[in-house]
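Undergrad: Quick one: the structure is below, questions incoming.
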Amino acid sequence: MPLDAQVAAVLEKIRLAGNPEYWQMTPTQAREWHNRKAGILDIKPPGVHAVAERTVFGAEADVRVRVYTPRVSESPLPVLVWLHGGGHVVGSLDSYDAVCRQLALSADCIVASVGYRLAPEHRFPAGVVDCYAALQWAGHTATELGGDASRLAVGGDSAGANLAAVCAILARDAGEPALRFQLLVYPRTAPTEEFPSHHALAEGYLLTRKTILWFHEHYRASDADREDFRYAPLICKDLTRLPPALVIVGEYDPLRDDGIAYARKLEAAGNDVELADYAGMVHPFFSMGGAVDAGRAAMAQAAQALRRAFG
C-alpha cells in the first residue's frame, strides 16, 4: 500500500529541516544528534512507580542497567530485558526511556534496559557479551528486583533486536536463563545487506542504505564476523527450541526482509512465531507513537504478546 499519510507528513518535516544522516557524522556527533532528537515523536507515558540504576559486573566491562518497575505489587512481576536499537553505534538508556516506560506500563512488567558498549570503540562481539551478561544478571537477580525469574523475556528493536535474537540462542545453548518470549522489532538478522528490501528502499524512507552500511562497518571487527551467528542470527545452524517470538516489521523498512526471513526460519525450526508486517510503515515507527497511530498499535501488540507469554 502507499506510504502511510502520517509517516509521509513526518518524513516531509524531516526533509524540510535538512537534518543530516548518521553516515555524514562522526560516531560521537551521531550519538549527540540521536539523543537530542530521541523521543520527539514518541508518546509521553505516565510515570512508572520506580526507576533504578544498576550495574552488572560483566566479564569484560561493567554494564549499566536501568530498571523500570510499573507499579507496587505484592507478588513478583515478570521481567523484560530490553536492548535498544541504534545500529550498534548510537542509542542509549536515555534515548529509549519513553519506550521502556511504555513497555513496563502496557505489559505490566519490570523492564531492565541495558546500556551495552557501542562501536566503533567496542566492536563486535562486545555488545553481545554485555547483553548476555545483563540477561543472565536479570535471571539471577529477578527476585531482588521484585521480579519473577520464571517469567523472563528478552526484546529489542533494530540492532537491539539483533542482540535479543542472539541472546535467546545463547541462553538456549547455555541452559540459562530460561526465557518465556522474545520480542523482535524490525531485527537486523542477515550477514550481508543484500536482501531486496535493502536495495528497493535504499533512499527516501528515513533509514537509508548508506546509514546501514555505515553502522555495520563500524560494528564489525572484520569481514569474518559475517560468518558468526552472533553477528547474523539468520545463519545460525540450529534455531530449534527457542522461545516464542513476535517479529514486527514495516513495509517501507530496508530491514523488512531480514525480519521476515528470520521469522520464517524460526517457524520452520518448529518455534511458535507471530509475524506482524505493518503496512505503510518506516524504520523506526515503533518509536513514533506520538505521531503515528501504527506505532501505538505495534506497542499495544507487543504488550499483549508479552502479557500472554507471561501468563
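Undergrad: Can you list the helices (runs of 4 or more DSSP H) lying wholly within segment 129-230 that have 1 or more residues being open to solvent by 10 Å² or more (accessible area, probe 1.4 Å) and touching a Gly at 6+ places or on another chain (Cβ under 6 Å)?
TA: 209-219
Undergrad: So how many residues does segment 279-300 have that are more than 23 Å from Val90 (Cβ to Cβ) and open to solvent by less than 40 Å² (accessible area, probe 1.4 Å)?
TA: Count: 2.
Undergrad: Being surrounded by fewer than 21 Cβ atoms within 10 Å (Cβ to Cβ), closer than 24 Å to Ala178 by Cβ and touching a helix residue (DSSP H, G or I) at 6+ places or on another chain (Cβ under 9 Å) narrows it down to one residue among Pro244, Pro233; which is it?
TA: Pro244
Undergrad: Can you go through Leu103, Leu83, Leu77 and tell me which one is out of contact with any Cys (no Cβ under 7 Å at 6 or more places or on another chain) and either closer than 24 Å to Pro243 by Cα or modelled with pLDDT of 95 or more (or both)?
TA: Unique residue meeting the criteria: Leu103.
Undergrad: Read through the list (1) surrounded by 17 or more Cβ atoms within 10 Å (Cβ to Cβ); (2) more than 17 Å from the chain's Cα centre (by Cα), then give the number of the only condition that Lys37 fails.
TA: Unmet condition: (1).
Undergrad: Of Thr69, Thr55, which residue is over 30 Å from Arg209 (Cβ atoms), free of Cβ contacts under 8 Å to residues at least 12 places away in the same chain, out of contact with any Pro (no Cβ under 6 Å at 6 or more places or on another chain) and of a type in the set (Ser, Thr, Tyr)?
TA: None of the others qualify; the one that does is Thr55.
Undergrad: Here is a further query. For segment 96-114, state whether one or more residues are in contact with a strand residue (DSSP E or B) (Cβ under 7 Å, 6 or more places away or on another chain), open to solvent by less than 40 Å² (accessible area, probe 1.4 Å), among the charged types (D, E, K, R) and not in a loop (DSSP other than H, G, I, E, B).
TA: Checked against the condition, which is being in contact with a strand residue (DSSP E or B) (Cβ under 7 Å, 6 or more places away or on another chain), open to solvent by less than 40 Å² (accessible area, probe 1.4 Å), among the charged types (D, E, K, R) and not in a loop (DSSP other than H, G, I, E, B), segment 96-114 yields no hits at all.
The values are calculated or read from the model by the stated rules, or taken from the named source; none is laboratory data. A quick note: this is a predicted structure, and the numbers were derived from the prediction, not measured. For neighbour counting, all protein chains shown are included, and Cβ atoms are generated from backbone atoms with ideal geometry for every residue, glycine included. Keep in mind that these areas ignore ligands, DNA and RNA; they rest on the heavy atoms of the full protein, side chains included. Shrake-Rupley method; radii C 1.70, N 1.55, O 1.52, S 1.80 Å.
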